[in-house]
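Student: Mind looking over this structure? Questions follow.
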Amino acid sequence: MRDRNATTGMVSLVGAGPGSPDLITVRGLDRVRAADVVVFDALIHPDLLAAARSDAEMVYAGKRGYCVGSTLQETINDLLVHRARQGLRVVRLKGGDPCVFGRGGEEAEYLAERGVSFEIVPGVTTAVGACAAASIPLTHRDVGQAVALVTGHFDPDSSDCTIDWVALAGMSTVVVYMGLRHLDRIAAKLIAAGLPADTPAAVVARATLPDQVVIDAPLEDLAARVEVAGVTAPAVIVVGESVRVRARLLSLSTSAAQGVLA
């Protein structure tokens, strides 16, 4: 550990990527390896945590189950400030990208307001990683010219949810984070807002990991198929014509593989 009597430390808000440990950036991995303290989220791969120094302080700060049993954000904020003021190199390790539904912006503001040096190290956000791993082009010149990233954390029927469903229904591709619990109502809201019920849609669970699961179906049927399959979080929902490209890519890949074997 570094000198605890030092007065200047540093906090790196690091994106770990969508799941697979080899999808962290080179800079992000460098920061993990050099850290005195690693404050990590629930979904960080064990192999990535193993890259930290053997003498590094490892602090779990997970948020799961819709905040039930989760680490309070205030506790995390205070920990980052306290360790940095001890002169330590602190890594706040988050899944995906720190500033895409990762509270990176909130933590950066908290640090800045208290005069603590920080940096933001971007990561492969889950929408990008999950769609790539599922053979769904997030954008496509023919069918996916605009993308919306949306949080599905709030109940769509509650006052906490301020999503403009009509505007969202007009987007080419919609990716919903943390929405599996409300999938049936999210689909209903989009359909009621004007999106055709047969719009291609998919759920990608445990994206980029060996046990990744992809369920694709028309939007109106997606929730039922996901329930039958027993899919659980972490997962993202993808809605739009780009999802239809997945079947074509898989078909072409299969044909190409058969040609090689022949």
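The values are calculated or read from the model by the stated rules, or taken from the named source; none is laboratory data. Quick caveat, the model's predicted, so the values are computed rather than measured. Because the Cβ atoms are built from the backbone with ideal geometry, glycine has one as well, and the counts that use them run over all protein chains shown. Ligands, DNA and RNA are excluded from the accessible area calculation, which covers all protein heavy atoms including side chains. Shrake-Rupley method; radii C 1.70, N 1.55, O 1.52, S 1.80 Å.
Student: Cβ under 13 Å from residue 115's Cβ, residue 115 left aside: what net charge do those residues give with Lys, Arg +1 and Asp, Glu -1?
Tutor: Computed value for this residue: 0.
Student: Place a point 7 Å from Cα of residue 254 in the direction of its Cβ. Which residues in the stretch 119-134 have their backbone N less than 19 Å from it?
Tutor: Correct set: 133-134.
Student: Which one of 112, 98, 56 is farthest out on the positive end of the charge dipole of the stretch 1-154, using unit charges on Cβ (Lys, Arg +1; Asp, Glu -1) and the Cα centre as origin?
Tutor: Most positive-ward Cα: 56.
Student: Among 115-123, 47-55, what's the highest-first ranking by average C-beta atoms within 10 angstrom per residue?
Tutor: Final packing ranking: 115-123, 47-55.
Student: In whole percent, how big is the carbon plus sulfur part of the accessible area of the stretch 163-211, probe 1.4 Å, protein atoms only?
Tutor: The nonpolar share, carbon plus sulfur, comes to 58 percent.
Student: Give me the accessible area per residue for the stretch 52-140, probe 1.4 Å, as a whole number in Å².
Tutor: 46
Student: Let me ask you something else. I need the helices of the chain that pass two filters: whole DSSP H segments spanning 27 Å or more by Cα along the axis, and mean Kyte-Doolittle score no lower than -1.0.
Tutor: Those that pass (Cα extent of 27 Å or more, hydropathy at least -1.0) are 242-261.
Student: Ok, one more. For Cα Rg over 2.2 N^0.38 Å, several values are listed as [x] 1.32; [y] 0.99; [z] 1.11; flag the one computed from this structure.
Tutor: Correct label is [z].
Student: Put a dot 7 Å past each Cα toward the Cβ at residue 78 and residue 228; how far apart are the dots in nm?
Tutor: Going from the residue 228 label point to the residue 78 one covers 5.0 nm.
Student: So how do 241-249, 70-78 stack up, highest first, on mean other-Cβ count within 10 Å?
Tutor: Per-residue Cβ counts within 10 Å, averaged per peptide and sorted highest first, yield 241-249, 70-78.
Student: If I stretch the segment between residue 114 and residue 211 completely, what's the gain in nm (0.36 nm per residue apart, minus their alpha carbon distance), one decimal?
Tutor: Stretched out fully, the residue 114 to residue 211 stretch lengthens by 30.7 nm.
Student: Provide the per residue accessible area, probe 1.4 Å, for the stretch 166-241, rounded to a whole number of square angstrom.
Tutor: Using a 1.4 Å probe on heavy atoms only, each residue of the stretch 166-241 averages 43 Å².
Student: What net charge do the residues around residue 146 carry, taking every other residue with its C-beta under 15 Å from that of residue 146, with Lys and Arg at +1 and Asp and Glu at -1?
Tutor: In short, -2.
Student: Separate question: Normalise the Cα radius of gyration of the stretch 75-197 by 2.2 N^0.38 Å (N = residues in it) and let me know the number.
Tutor: Scaled against compact globular proteins, the figure is 1.31.
Student: Is it possible to state the helix-based mean residue ellipticity at 222 nm for the chain, with each DSSP H run of 4+ residues giving -39500 (n - 2.57), the sum divided by total residues, to the nearest 500 deg cm²/dmol? What is it?
Tutor: Mean residue ellipticity, 222 nm, calculated: -10000 deg cm²/dmol.
Student: Just grab the label-to-label distance for residue 244 and residue 141, each label 7 Å out from Cα along the Cβ direction, in nm (one decimal).
Tutor: 1.9
Student: Considering only the chain, what is the antiparallel percent among its DSSP beta bridges, to the nearest 5?
Tutor: Rounded to the nearest five, the antiparallel share is 45 percent.
Student: Still on this structure, please answer the following. Give me the percent of accessible area attributable to carbon and sulfur for the stretch 98-160, probe 1.4 angstrom.
Tutor: Its accessible area is 49 percent carbon and sulfur atoms.
Student: Suppose we look only past 17 Å in the calculated P(r) of the stretch 22-114. What percent of the Cα-Cα pairs does that tail hold?
Tutor: 49
Student: Then there is this: Rounded if a/c is under 1.5, else prolate if a/b beats b/c, else oblate: with a ≥ b ≥ c from the C-alpha gyration tensor eigenvalues square-rooted, which is the stretch 106-262?
Tutor: Oblate.
Student: In addition: So for the pair residue 162, residue 26, with labels modelled 7 Å out along Cα→Cβ, what separation do we get in nm?
Tutor: Each label point is offset 7 Å from its Cα along the Cβ direction, giving 4.1 nm.
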